[in-house]
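*Asks:* Here it is: the structure, laid out below.
What follows is calculated from the coordinates using simple rules that are stated; it is not laboratory data. None of the values given here were measured: they were computed from a predicted structure. We place every Cβ from the backbone using ideal geometry, glycine too, and count neighbours over all the protein chains shown.
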Amino acid sequence: MGQHRASDQVGVRFGLGSGVLFVLSGVIVAGRLPAAYGVGLLLLATLLLCVRLDVPHALGLGVAAWAFATGFAVNTLGVLTTAPPDLLRLGVFVLAAGLGNRLAAPS
């Protein structure tokens, strides 16, 4: 009988991924990274973190990553906006999450 780890559960991996994005957002703000670099870093992290998630959790993490990017890397103090560039960024984050999810899918 094999042992089960908590990280075998998709919900736990989603929570850990959200925590990583949260901490990374703090690092971006504290390091005063330019917005483009901060968004790029969060986008790359999203792509990698979604590899071991199912589709609904991956898309949810993509939306959460967009919120961190828009609220902290682009704007300040967690302010979310929905101007056209923000909505385009949302689409890019959701696509990156879906792509990350597909990287682990069997062919």
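*Asks:* Whose amide H sits under 5 Å from the amide H of Leu33, counting only residues 5 or more places off or on another chain, with H placed in the peptide plane?
*Replies:* none
*Asks:* Could you work out Rg/(2.2 N^0.38 Å) for the range 37-96, with Rg from alpha carbons only?
*Replies:* 1.04
*Asks:* R0 = 22 Å: FRET efficiency of Ser7 with Leu87, Cβ-based, nearest 0.05?
*Replies:* 0.10
*Asks:* What is the distance, in nm, between label points placed 7 Å from the Cα along the Cα-to-Cβ direction at Asn75 and at Val63?
*Replies:* Label at Asn75, label at Val63, 1.7 nm between them.
*Asks:* Which translational diffusion coefficient, to the nearest whole µm²/s, is obtained for the chain from the Stokes-Einstein equation, given a Kirkwood hydrodynamic radius over C-alpha pairs, 25 °C and 0.890 mPa s? Write out the running numbers ahead of the final one.
*Replies:* Working: Rh = 14.0 Å.
It comes out at roughly 175 µm²/s.
*Asks:* Next question. Taking θ as phi - 60°, what are the ³J(HN,Hα) couplings along the range 45-56 by the Karplus curve (6.51, -1.76, 1.60), each to the nearest whole Hz, with x for Gly and Pro?
*Replies:* Rounded to whole hertz, the list is 4, 4, 4, 6, 6, 7, 4, 9, 10, 7, 4, x.
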